[in-house]
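Shown next, in structure tokens, is the structure this report addresses.
The values are calculated or read from the model by the stated rules, or taken from the named source; none is laboratory data. Computed from a prediction, not measured in an experiment: that's the story for all the values here. All Cβ positions, even for glycine, are placed from backbone atoms using ideal geometry, and neighbour counts span all protein chains on display.
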Amino acid sequence: MMKTADSASAGTLLTIDDYQSPQGWRQPADAKQRARHYCDQLEQGKVLFFNRIPFNFPDENQKFLLSQKQSSSRLHKNVSYRPKQEKLRGSAGNKEETARLHAVMRSFSQETVKFLSELLQPYAAHWTLDFASFRPEQEKGRDLPVHKRNDLLHVDSFPTRPMHGRRILRCFTNINPTEARVWHTTDTFPALAKNYAADAGLSEFAAKGSRRSHPLVRGVKKMFGLKAVDHSAYDRFMLRFHDYLKEKEDFQQNCPKIRLEFPPGSTWMCYTDSVPHAVLSGRYALEQTFIIPLHALVTPEQAPIRVLEKMTGVPMAAPAMV
Ligand SMILES: [Fe+2]
């Protein structure tokens, strides 16, 4: 059954009209309460939506991004910017163009942080700033292996950056001047977990626990200058669940779908570890990722790790890591 009605997307999308750029909150006296409300809505699985870009993003920067040649390497289809290391990856231009691209991505990242520090004020003192990315490729018709396909419904997890229960919050902006970015979504994480977590092997992942990797493995990795990354039971399950959902044809074809269209010049954000998403079409989106610890959440009991722990009855990550 395909739900495409506005009423279905209206239940998922929450359009924000009491915060604008550059003025900020319409009623500054209510800022604290409104910010807490929007954190709560995100944690309930809503997608917060602005029909314009609610932070400073100069036209000339947008035009520069739209004019960028794409790299021919499949590895670098996206441009990524790592704010903490001040590193840019995936530039296909010469030295000057790369320097400009770096500056534009840095500015986008900094402005997004400034904006969300106000809109989601309860999180701001606690989050870890993750990568930003620019996605210039047309999503429709990409030929990718099943686990890498973006047009299949999934929830996010990062193979190289274990979360230990912390949340993945992503803020997107569509700078395409003419084309919307189109998503499908479906029931949020608690329903997905109820229907599919057991079949995806949740109890086996929980039983294995959150062991550190073997000292020998850590030693070998160190020898080659690699960091040993410890994945909790939660991380291992979420990585499997990502692949499981993409592999499951019956789920992909028959689950109820809600179509979300993000028009040119719009901005939206959600917890992509609990809001399933498939990108059907669109090109030229930017995104900044934030990692939110559980103690910063307004309703931590709704976090995927807590949902899974309720089902298994055992901790899925070491408490100190969450
Ligand atoms: Fe994703």
Among the residues of the stretch 114-147, write down those that are within 16 Å of the ligand (Cβ to nearest atom), more than 19 Å from residue 236 (Cβ to Cβ) and either out of contact with any strand residue (DSSP E or B) (no Cβ under 8 Å at 6 or more places or on another chain) or hydroxyl-bearing (Ser, Thr, Tyr) (or both).
133, 137, 142, 144, 145, 146
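Condition check ((1) assigned to a strand (DSSP E or B); (2) free of Cβ contacts under 8 Å to residues at least 60 places away in the same chain; (3) farther than 24 Å from residue 124 by Cβ) across all residues:
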position	(1), (2), (3)
235	no, no, yes
240	no, yes, yes
280	yes, no, yes
287	yes, no, no
305	no, no, no
Within the stretch 258-281, work out how many residues are over 18 Å from residue 189 (Cα atoms), surrounded by 22 or more Cβ atoms within 10 Å (Cβ to Cβ) and within 15 Å of the ligand (Cβ to nearest atom).
2
Residues of the stretch 152-164 being touching a residue at least 24 places away in the same chain (Cβ under 8 Å), closer than 29 Å to residue 253 by Cα and of a type outside the set (Asp, Glu), in sequence order, are 152, 153, 154, 155, 157, 159
Mind counting the residues in the stretch 78-119 that are of a type outside the set (Gly, Ala, Ser) and either on the phi > 0 side of the Ramachandran plot or part of a strand (DSSP E or B) (or both)?
7
Only one of (1) away from the ligand (no atom under 16 Å from the Cβ); (2) closer than 24 Å to residue 299 by Cβ; (3) touching a Pro at 6+ places or on another chain (Cβ under 9 Å) fails for residue 66. Which number is that?
(2)
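Residue by residue, here is whether (1) in contact (Cβ under 8 Å) with a residue 12 or more places away in the chain; (2) over 19 Å from residue 124 (Cα atoms) holds:
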{"site": "33", "(1), (2)": "no, no"}
{"site": "43", "(1), (2)": "yes, no"}
{"site": "66", "(1), (2)": "yes, yes"}
{"site": "96", "(1), (2)": "no, yes"}
{"site": "111", "(1), (2)": "yes, no"}
Please tell me if residue 86 is farther than 29 Å from residue 256 by Cβ and touching a Gly at 6+ places or on another chain (Cβ under 8 Å).
no
Looking only at the stretch 120-139, count every residue that is more than 15 Å from residue 78 (Cα to Cα) and either in a loop (DSSP other than H, G, I, E, B) or out of contact with any Cys (no Cβ under 9 Å at 6 or more places or on another chain) (or both) and tell me the total.
8
Sort through 56, 94, 78 and tell me the only one that's among the polar types (S, T, N, Q) and modelled with pLDDT of 95 or more.
56
Among the candidates 173, 178, single out the residue that is more than 14 Å from the ligand (Cβ to nearest atom), assigned to a strand (DSSP E or B) and at pLDDT 95 or above.
173
Output for the stretch 21-45, where each listed residue is at pLDDT below 90 and surrounded by 12 or more Cβ atoms within 10 Å (Cβ to Cβ):
21
From the list 297, 286, 308, exactly one residue is within 16 Å of the ligand (Cβ to nearest atom) and crowded, with 20+ Cβ neighbours inside 10 Å. Which is it?
286
For residue 108, are the conditions met, namely being in contact with a helix residue (DSSP H, G or I) (Cβ under 6 Å, 6 or more places away or on another chain) and at pLDDT 95 or above?
no
Spot the failing condition for residue 143; the list is (1) within 18 Å of the chain's Cα centre (by Cα); (2) in a loop (DSSP other than H, G, I, E, B); (3) among the acidic types (Asp, Glu), and only one is missed.
(1)
For residue 205, all conditions in the list (1) under 27 Å from residue 319 (Cα atoms); (2) touching a Lys or Arg at 6+ places or on another chain (Cβ under 6 Å); (3) within 14 Å of the ligand (Cβ to nearest atom) hold save one; what is the number of the exception?
(3)
Of those in the stretch 155-170 that are surrounded by 20 or more Cβ atoms within 10 Å (Cβ to Cβ) and more than 15 Å from residue 133 (Cβ to Cβ), the residue nearest to the ligand (Cβ to nearest atom) is 155
Residue list for the stretch 276-293, filter: over 13 Å from residue 113 (Cα atoms) and either of a type in the set (Ser, Thr, Tyr) or under 9 Å from the mean Cα position of the chain (by Cα) (or both):
281, 284
